[in-house]
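The values are calculated or read from the model by the stated rules, or taken from the named source; none is laboratory data. Source: prediction; values computed, not measured. So basically every Cβ, Gly included, is an ideal-geometry build from the backbone, and we count neighbours across all protein chains shown.
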Amino acid sequence: MRIVCKIFMFNFLRKKRIESTIFQKREFVVLDTELTGLNEKEDHIISIGAILMKERRISLGDIFYRILNPQGKLKRESVLIHELTYSELEKCPEIKPIIMEFVNFIKDRPIVGHFLEIDLKFLKREIKNNLKIKFEPVAIDTYIIFNWLIERGLISHKFKGAKSLPQIAEAFDIKVETLHDALYDAFITAQIFQREIALIQSVQLSWFDFIKKIGRPNISGYMFGQYEKNYQF
């Protein structure tokens, strides 16, 4: 009987170690872009910030942050929002080598963002124009997941209608000190995603594929009309 128990315990612990190893390999890249505006035909990316997540752990040693020369006239509102002038940005590198670095950084990992469809449109355009390749990553939108969690009572309904990054951060008691910095916004988004994973794990054990399914970004899924009013570039 003791031998049977020992074999059972050995197999149980071995299974747990294997599951833990697989669990830790579940990686995401949480990203944010800062833009000159929201017109994907005329506006450009000013900066890209991204942080690697290994399961629920934010890997602060694995970050990507670049400020770019947008090669175009900056709008007045863009200067006010980002506090970056054209004379400062024209000293920054052009986008082609930076976008290649970015693609090499994310590899084939799923990407995560807040109102991610907007970032994706600009990234897809620049990757297609500069690298001549398609960019079709698995994409997960923290805003879509946030609303899914509210609808199922896992987040208080008092936060229903929250759309901006600070509003959603407040629902998770995440302190926001500044905005419109691509890397800092990516870090706030990563903390939100961290909390969302924990809530989904509480009701869904096989959460990894599940979260990719429910968090797929799309404009109609944002559940409001003029999303530009709630997304500042």
Regarding region 33-40, can at least one residue be identified that is at negative phi, modelled with pLDDT of 80 or more, surrounded by 14 or more Cβ atoms within 10 Å (Cβ to Cβ) and within 14 Å of the chain's Cα centre (by Cα)? yes
Of the conditions (1) assigned to a helix (DSSP H, G or I); (2) at pLDDT below 85; (3) within 17 Å of the chain's Cα centre (by Cα), the single one that residue 229 does not satisfy is (3)
Given the residues 188, 197, 211, which is the only one that is touching a Lys or Arg at 6+ places or on another chain (Cβ under 6 Å), outside any loop (DSSP other than H, G, I, E, B), within 27 Å of residue 64 (Cα to Cα) and at pLDDT 80 or above? 197
Assuming residue 189 fulfils every condition listed in (1) out of contact with any strand residue (DSSP E or B) (no Cβ under 6 Å at 6 or more places or on another chain); (2) under 23 Å from residue 157 (Cβ atoms); (3) not basic (Lys, Arg) apart from one, which condition is it? (1)
Six or more apart or on different chains, Cβ under 6 Å: which pairs go from a residue in region 130-147 that's of a type in the set (S, T, N, Q) to one that's outside any helix (DSSP H, G or I)? Could you list them? 142/114
First in region 171-192 and of a type in the set (D, E, K, R), second anywhere and buried (at least 17 other Cβ atoms within 10 Å of the Cβ) and part of a helix (DSSP H, G or I), Cβ under 7 Å, 6 or more apart: 185/165
Hey, does region 146-157 have a residue that's of a type in the set (Gly, Ala, Ser) and buried (at least 19 other Cβ atoms within 10 Å of the Cβ)? no
Taking region 127-145 only, how many residues are buried (at least 16 other Cβ atoms within 10 Å of the Cβ) and in a helix (DSSP H, G or I)? 6
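Could you tell me whether region 170-178 includes any residue that is at positive phi, out of contact with any strand residue (DSSP E or B) (no Cβ under 6 Å at 6 or more places or on another chain) and small (Gly, Ala, Ser)?
From region 170-178, those at positive phi are 173; that's our starting set.
From the residues that got through so far, the ones that are out of contact with any strand residue (DSSP E or B) (no Cβ under 6 Å at 6 or more places or on another chain) too are 173.
In the following step, the residues that additionally are small (Gly, Ala, Ser) were identified as none.
Looking through region 170-178, none of the residues is at positive phi, out of contact with any strand residue (DSSP E or B) (no Cβ under 6 Å at 6 or more places or on another chain) and small (Gly, Ala, Ser).
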